Each structure stands twice: as structure tokens, then as C-alpha cells.
2 protein chains.
Amino acid sequence: MTSKIVPVILAGGQGARLWPISRATRPKQFIKLMGNQSLFQQSLERLKGAARYEAPIVLTNAEYRFVVAEQAQETGVALGAILLEPVARNTAVAIASAAYFALEQDENALLHILASDHAITADDLYFGTVDTAAAAARDGWLVTFGIVPTSPETGYGYIAVGDSLPNGVSKIGRFVEKPDLAKAEAFLAEGGYVWNSGMFMVAARTFIAECETLALATAEAARRAVELAKSDLDFVRLDSAAFERAPSISVDYAIFEKTSKAAVLPVSFAWSDLGSWDAVWAAHRPDAFGNVVIGSALLSNTTNAMVMTNSAHVMVDGLDDIAVIASEDAIFVGRLSQAQRVGDLVKALKANPATQALTETHQTSYRPWGGYSTVLMADRFQVKRLFVKPGKKLSLQKHFHRSEHWVVVKGTAEVTIDGQVSVLSENQSIYLPLGCTHRLTNPGKIELQLIEVQTGSYLGEDDIVRTEDDFGRIG
Amino acid sequence: MTSKIVPVILAGGQGARLWPISRATRPKQFIKLMGNQSLFQQSLERLKGAARYEAPIVLTNAEYRFVVAEQAQETGVALGAILLEPVARNTAVAIASAAYFALEQDENALLHILASDHAITADDLYFGTVDTAAAAARDGWLVTFGIVPTSPETGYGYIAVGDSLPNGVSKIGRFVEKPDLAKAEAFLAEGGYVWNSGMFMVAARTFIAECETLALATAEAARRAVELAKSDLDFVRLDSAAFERAPSISVDYAIFEKTSKAAVLPVSFAWSDLGSWDAVWAAHRPDAFGNVVIGSALLSNTTNAMVMTNSAHVMVDGLDDIAVIASEDAIFVGRLSQAQRVGDLVKALKANPATQALTETHQTSYRPWGGYSTVLMADRFQVKRLFVKPGKKLSLQKHFHRSEHWVVVKGTAEVTIDGQVSVLSENQSIYLPLGCTHRLTNPGKIELQLIEVQTGSYLGEDDIVRTEDDFGRIG
């Protein structure tokens, strides 16, 4: 029997180049950039209804685990596992860990290694290439998907396509670092070069064998991290002591550039890495004036513009080749054709303590029970909006430096204060004195929303002592 | 004895050309555009310590009366009177009303008619021109201040300077509508033309006499509006029935372009009408790259930029000749050199019900007792931050469609609900059920701040029935 394919989705990236919409706490893959689902959700949707696939393995980190679980649930795609990387160590050890994990279930497992933040049109052409790659992987090839260039891109690595092999794949001629424009134009004119997409199809066993030969430290770290992994609710926590021993190296450098089993499959389906705002612009269908607008905006005498806004209304007048990207707390304005520079610019923000937070946090934080957004921050008080999913319960907790008022504005809340339980419906409020032990539950069938007014001398999220938690967050 | 000069400050304008910072509810003159005082306050500061001035008369409308009073108080400049125009009828009847009003106090009154939203460097040169104009006005001339051009501006009306008169002023050759660029360049090269600044110096008696001769309907409307005016706290409400009869016409058209007593005083002090973002930019000192930044922003590879932001951090990269103006709910991005177009663009916003509010309201509303800002609006609830000045009391009021929760986050509140009085200190809260009659007072010596959570099916500001009010707003 032919084994099915296990999708391995890499969902731990931080996506600084789509600042200010993409932040460390809410990176690109979890944002609705190309429609009404996030890119991660669209990655899951592409797996639906295809008999070729097993339930996917998602690789991410502890910070993103709840958003992964929640967004997956919204799509209805059941995940095989969510593997949590204890630290960021690039793709080699992450993929090797997934390979060891998959081998435990099926020694013939094929892995389709996928990004969670790319745009792909999943048509017959696409699935045809998946099947071609799978056949070649079964024959022992480590297949990389190479996108046939449609423009002289300087933002991608290239692969020179070598001799043809059976099963429609080709030998790899060589890997080429991101070229300058002249080189990229030559590659495009000449043909025989493809973009390195970061998508792969491999047999787990072959991959591991090559990894053990070519990158032993990576292989050992991954093997031990999986052996010693702990299950935590729906998550598999890779062992951190073992995982941290891995070198930080990409799977391209560690394996694909070294192994004699590497092959490339040139593909022509619609693909974008959405690596910068001009790529997001190109992946949409610009209107007759070359404009793409996401959110509320009015453009006049403006051409070749990418406008995205989370809340404020944007007016753009008399400009060409312009990106205007607005989140609640930060705005980027620059040449669309130079939008690759955002990544470097964000480094400058990060280096400055006054603006560092702009690179990290987002207005809304998602938690396993729901989430919250800060609507007002002041010196000695702040106001938050909390939403709690039906049936969910926050941890039993207390604060040393703040007291809180809760006003229920939607749904029903069950509030326990120092052991005493109250049920509040819409329009009722309750006071949580400093130092009290309290817990919030949504006992209802609809979402609970409440306004929290905190007052105190210190209002940081770390003033919290948890004594019980449904989500394993004690202390 | 020589009469002192009565400054007449026009503070009723709506300033749409500095959108999105300037809004109908908080126009340009009340905003800190050129330092840490508003333009209106800077207009008042220019009157300080000059023995030549009486207490000023401020012309404004009912909507702006409290912000006028509060901002004046902050400067420490005592106002002679705040005249409230019942409707907007342009400058002729407004100034005529001020002239009749001033004549009641002093039949020899000289009026220095001033905008509240211009930038002026009040140096010796400036005050020298004030005294020259005053001397000419005492001799019976209606003096207009003409700014000697420094660039071929197309946004101003021009005046051709005629024959010299005694006292340093000149006859007016003719008034010239806003010229095209070629004409403006010719005026600049040729000399003998000045910009019509909208600043005047006149004897009230002479002005009224000319007004009665040349614009009788205006004069009659103004005279009756003052005769029937009602004092309302610190304000003088011009009679609306009388005032409304006035034609809507500027003082230039009604008087200065017709009278034989008009004179012009060419002046060279530093002046700007701040009529658009490029004018605001020019009135500041751009840095070595030609950039002006107000608020939190980072500019890279950018030249000739005007950036102003109320809260969000702005990053601008690789642009020249660019305006980026961000309020909490709207963002304008366009060529700085084309920023005069904002006024027309705002008309498009106004015509669209979905964006109309962006042209009018502002996040913070000022009231005689303090003010409030909306921090969160949702379908069936909203959250406001209220601040109440020490000793101030809101109206006794009730709402038919909403209940409210108040959480005191700073200071002390005295809350009366259906006759029962409670005193709340920081961190205490109270519930105001739908339909209750309630009143909020700050009995303390420091500002009171509270968070108000409103819930209900209708949350408009007009769901309010006032039964008592310290500020005369009953019903």
C-alpha cells in the first residue's frame, strides 16, 4: 500500500517584513492578508478533501500554540500534532524533528514540507506537482519545489535545474544566492533557473538518513528532542535541553545543498512568498490603476498603491508607487517598489527602547480561553476588553499590585472571588480587590465580553500568580 | 486721551484644509500646531504686556464657546467678551457686531481685527506696524495689513498698493483675486503687490459709518443683534433672529473693496495663514533634509516631508515632497506641494455618509465641566473616559436607552442618583440604571477621571434629558 503524505507546516516565523501589520505576537501567517482567512488557515484549506494527505503536523513555538489551535479549529481541519519548538533554531532541526515524529507513526511516511505564510492557487496544476513530487520522493529523492520565474526577482534564492530524472524531477545544478538585478534578468532570459520556494517533498526515512550522514548534530538534537518530548494538552513539547543543542541552520544549507539525493521539480502554479508589501500587492489583483486596498481608504489620482489599514480611514492623493500600511499604533509610508526595506527599518525600531514594542506586541492578544485588547493605557489605570469563549475558564489567579472592575457587556460571567461564586449577566459589574484570588468562567453558550478597568501602581501582565489553570499555565 | 486698541479675534472658522487633524468639532485654531499652545492661545499671547491693548473681544460660535473660555484661561489673558454668532454669516456682520459692541463701551474704540489661526512672529517690527496702523485708523482710515510677498503664492488674494498716504499707509490700488502662478510670479517680480492678510485696524465709529452707507443690511443686522443680545454666563449671545437676516458676505467684499477710506499697510513681519499642510511645514523650521515632524516618527531617506501624528508611530521611507498626517481615526498621505487639495478631498468624504463623521467629530470632546473621549465603540456598548475639572458639576440628567457604570480612576466623585448622594474615591464604582436621574460632581481639588461603560440599545449623545445645568444647557 502506498503511504499517504503527511503535511508538515512551518508556522513559527515572525514576519518582520510586513510591519506594522505583522508583529512578533501576531505574525503574518495568522493574519488575513489574502481574503477572509489567515494565510495559515489557507494553508490548511489546501489540504482539505485530498485523499493523498494524512492529518498535518504543525511546527510552531509555545507563544503561537493557541492561535494555531484556534485557527485550525475554525477551518475544521483536524491536526495530527502541534510540535512546539522550545527555541528558534531555523528549519533544519525543526524539519528533522517532524521527520522523527512522523517515523514513529509510519516508517514509510512521506513529508510535504510547507510554509504557512505563502499564497498558492491550489488548482489541478498544483496538485499534479504534489503527486509528481510524491512519486519521486518515494523513489528516494529529496524533492524541492522550484518556481519557474515570471520576473527578475532579487529577493529569492535560485536553483539551476540540472539533468532530467525519471518521474519528472531533475537533478539540481547548483544553488544560487539572491542575485542582483542583472543576474536575475539573465536567469530569466536564459531559462533553466527556478526560485527556491522552501517547499519540499521527502520520505521521512531518506531525509533522516541523509541528516544523520550530513548533519549529525542536527539529527541527534531532533531525535532526542522527540524521544523526550512531553505531551501538553493538544501540544507536543519538544525537549528543550536536547533541541537547544542543535545548530541554527536552514534545511537548505544542512541537507539540500549537500546531499546527492536532492532533486528539483520546476513548477508553474501561482505562488508568492508574500515576503514584502510589494509581493502582497502583486499577489492580489490590482485594479485598473494598479491599486490594492485592504480596509477603509479613499485614493485619488493615485496609481500602483498598496494600502492596508486595520482601523483608521486612509486618504491617499496624487502619488504613484506608494505603500501605506496602518495598524492601530504604527504607520508605514514608503515606495511600494522599495518595500523590501521594511525588514531593515524595523531593526532600527527594535534597537530603540522607545519604539521596540512596536515591533513586538499587537493590540489584541489571543489566549486559549479567548483574548483581550487594551483599549486605554494610562499612568495608574488601564482599560481592557476581554472576550471569553463559551465554556472556557481563565486560571485561578491573583494580583499584588492592582485591583480590577469587571463590567459584563455581553453574555454571562461566573466570577469566583476568594471562593465565593457570583453569576453576572449583561450590564452587571463586580469589583476584585487587590490580592483577592479570583477566577472568570463563561458558563454560557455565547461569547462573554467584559470591560476590565485596572487600577494600581503596577499594571504589567506579569503581576499574576496562577494557582489552577485549564491550560497548564501554573505559577 | 488716546483710546487703547480693542483686539477682535475671529475664532469661529472650521479649517477643513488641515484635515485630518482639524475637524469641525476641534478646528485648527484650537490645536497645538506651532508649539505647546494652540494657535488661538498664541493669538492671545501676542496681546500680553502691550499697554496699547484693551481686553480682547472673541467672536466665535456656541459650539466653540467652552474651548475658547478654557484655552483663554490657560493663557491668563482676561477676555473682554466672547460674542457668540448664532449662525455662520461670514466676516462682515461678525465684525460689524463687534464694532457696535465695542462702541457701547467706548465711542473712540479702535479695533484690531485678527485671525485666531495664523502664525505671526510678534517682534518689534510687528508691533511697530500695529502702532502705525492704529495712528492711521485714528485719522479715519480703514487699514488692512498687506504682507509683502516672499514667494509667488497662488493661495492668497493680492492687493495692489496705491499712492502713499500720511502715517505710513497707502491707498489701495485694487484688490486681486487669487492669481495663477504666472501672475503671482509677475506680482513678485514687479513689486507693489501685497497679500491680503485678513488683519485690519479700524476705528469702530468709522467702520460702522461706512458699513451703514455701503452695506446697510449687514449694519442693521449687526446693530439689532447686539441690541437684543443676551448675556449667558461669560458669553454674549447675539440675537439670532436679527443676525440671521444678515447677508453672508466677507468684510472685504462688503466694505474694504468699496469704501474710499480703505488703506493698506505693507508689512514684512513673519506671517503665515497656515492654510494648508505645506504652509504649516513652511512656518516651522524644516531640518537639513527639509523635514518637519510633529509627534512620534522615524524618517529615512526622506526629504521635504511634513509628518504630524497624534498617537500612532509613523515610519516614512524613501520619499520626497510628502505629507503624512495621522489622527486617531484618519490618515492623509499625499504630495506636500499639493496639500492645498485636502480641502476638496474632504468634501468627497463629507458627501459620503460612511465617512462623513471623519470630517466632523474628534476623539476628545471638550465641555465646560471638562470633557470626554470615546475609547471603545461597539454595537451595544461603549467605553468613555471622562475628566471633570475641580469644583465642576455636570447637568442633572437622565437617559432613556442606556445604563452606565462609572469607575473612578483618579480623584473623587460625588454622584447623585435619584436624590441619593454617594462619594466615590479612586478605585470605587457605581451603577446608573436606565432611566435614573443622576448628576456627577467633582468636589475635590484635583481633576476627577472616570471610566464610563455604557450599555443599551441606543448610545447616541442625544439620549439625554437635562433638568438642571450650571452651564445653561437645559432640555
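Checking segment A:328-336 against the condition returns no match, with no residue being touching a residue at least 40 places away in the same chain (Cβ under 8 Å), within 11 Å of another protein chain (Cβ to nearest Cβ), more than 24 Å from B:Asp329 (Cα to Cα) and part of a helix (DSSP H, G or I). Residues that are outside any helix (DSSP H, G or I) and out of contact with any helix residue (DSSP H, G or I) (no Cβ under 6 Å at 6 or more places or on another chain) within segment B:184-227 comprise B:Gly191, B:Gly192, B:Val194, B:Trp195, B:Asn196, B:Ser197, B:Gly198, B:Met199, B:Phe200, listed in sequence order.
The requirement of being closer than 29 Å to A:Leu345 by Cβ, surrounded by 17 or more Cβ atoms within 10 Å (Cβ to Cβ) and either at pLDDT 95 or above or within 12 Å of chain A (Cβ to nearest Cβ) (or both) is not satisfied by B:Ala263. The set of residues in segment A:347-400 being of a type in the set (A, V, I, L, M, F, W, C) and more than 14 Å from chain B (Cβ to nearest Cβ) consists of A:Trp369, A:Val388, A:Leu394, A:Leu396, A:Phe400. Counting the residues of segment B:407-454 that are more than 10 Å from chain A (Cβ to nearest Cβ) and free of Cβ contacts under 8 Å to residues at least 24 places away in the same chain gives 9. When you look at A:Lys230, is it among the charged types (D, E, K, R), more than 23 Å from A:Val68 (Cα to Cα) and free of Cβ contacts under 8 Å to residues at least 60 places away in the same chain, yes or no? Here the answer is no, as A:Lys230 does not meet what is asked. Counting only strands (runs of 3 or more DSSP E) that sit completely within segment A:126-177, those holding 2 or more residues that are free of Cβ contacts under 8 Å to residues at least 40 places away in the same chain correspond to A:158-164, A:170-176.
Among the candidates B:Gly411, B:Gly371, the residue that is farther than 27 Å from A:Lys410 by Cβ and under 27 Å from the mean Cα position of the chain (by Cα) is uniquely B:Gly371. Only one of the numbered conditions (1) free of Cβ contacts under 8 Å to residues at least 24 places away in the same chain; (2) within 21 Å of B:Arg23 (Cβ to Cβ); (3) of a type outside the set (Ser, Thr, Tyr); (4) touching a strand residue (DSSP E or B) at 6+ places or on another chain (Cβ under 7 Å) is not met by B:Asn291, and that is (2). The single condition from (1) under 26 Å from the mean Cα position of the chain (by Cα); (2) among the polar types (S, T, N, Q); (3) under 14 Å from B:Val267 (Cβ atoms) that B:Ser116 fails is (3).
Looking across segment B:376-389, the residues that are closer than 24 Å to B:Tyr458 by Cβ and within 25 Å of the chain's Cα centre (by Cα) come down to B:Arg385, B:Leu386. Return yes or no: is A:Asp344 more than 7 Å from chain B (Cβ to nearest Cβ), over 16 Å from B:Ile325 (Cα atoms) and part of a strand (DSSP E or B)? It is false that A:Asp344 is more than 7 Å from chain B (Cβ to nearest Cβ), over 16 Å from B:Ile325 (Cα atoms) and part of a strand (DSSP E or B).
Look at A:Asp321 and say whether it is acidic (Asp, Glu), farther than 30 Å from A:Met377 by Cα and modelled with pLDDT under 95. Considered against the rule, which asks whether it is acidic (Asp, Glu), farther than 30 Å from A:Met377 by Cα and modelled with pLDDT under 95, A:Asp321 comes out as no. The set of residues in segment B:355-377 being among the small types (Gly, Ala, Ser) and at pLDDT below 80 consists of B:Ala357, B:Ser365.
On the stretch given as segment B:400-427, residues that are surrounded by fewer than 20 Cβ atoms within 10 Å (Cβ to Cβ) and assigned to a loop (DSSP other than H, G, I, E, B) total 7.
Here is the figure for segment A:197-227: residues that are more than 19 Å from A:Ala137 (Cα to Cα), over 25 Å from the mean Cα position of the chain (by Cα) and of a type in the set (A, V, I, L, M, F, W, C) total 3.
Among the residues of segment A:306-322, those that are part of a strand (DSSP E or B), at the interface with another protein chain (Cβ under 9 Å from one of its Cβ atoms) and hydrophobic (A, V, I, L, M, F, W, C) comprise A:Val307, A:Val314, A:Met315, A:Val316, A:Ile322.
Could you please find all residues in segment A:434-457 being surrounded by fewer than 12 Cβ atoms within 10 Å (Cβ to Cβ) and modelled with pLDDT under 90? Hit for segment A:434-457 is A:Ser457, nothing else. For segment B:201-225, the set of residues classified as out of contact with any Leu (no Cβ under 7 Å at 6 or more places or on another chain) and buried (at least 19 other Cβ atoms within 10 Å of the Cβ) consists of B:Cys211, B:Ala215, B:Thr218, B:Ala219, B:Ala221, B:Ala222, B:Arg223, B:Arg224, listed by residue number. For B:Glu404, the criteria (1) closer than 28 Å to B:Gly472 by Cβ; (2) of a type outside the set (A, V, I, L, M, F, W, C); (3) touching a residue at least 60 places away in the same chain (Cβ under 8 Å); (4) within 12 Å of chain A (Cβ to nearest Cβ) hold in every case but one, which is (3).
The values are calculated or read from the model by the stated rules, or taken from the named source; none is laboratory data. Since the model is a prediction, treat every value here as computed from it, not as a measurement. So basically every Cβ, Gly included, is an ideal-geometry build from the backbone, and we count neighbours across all protein chains shown.
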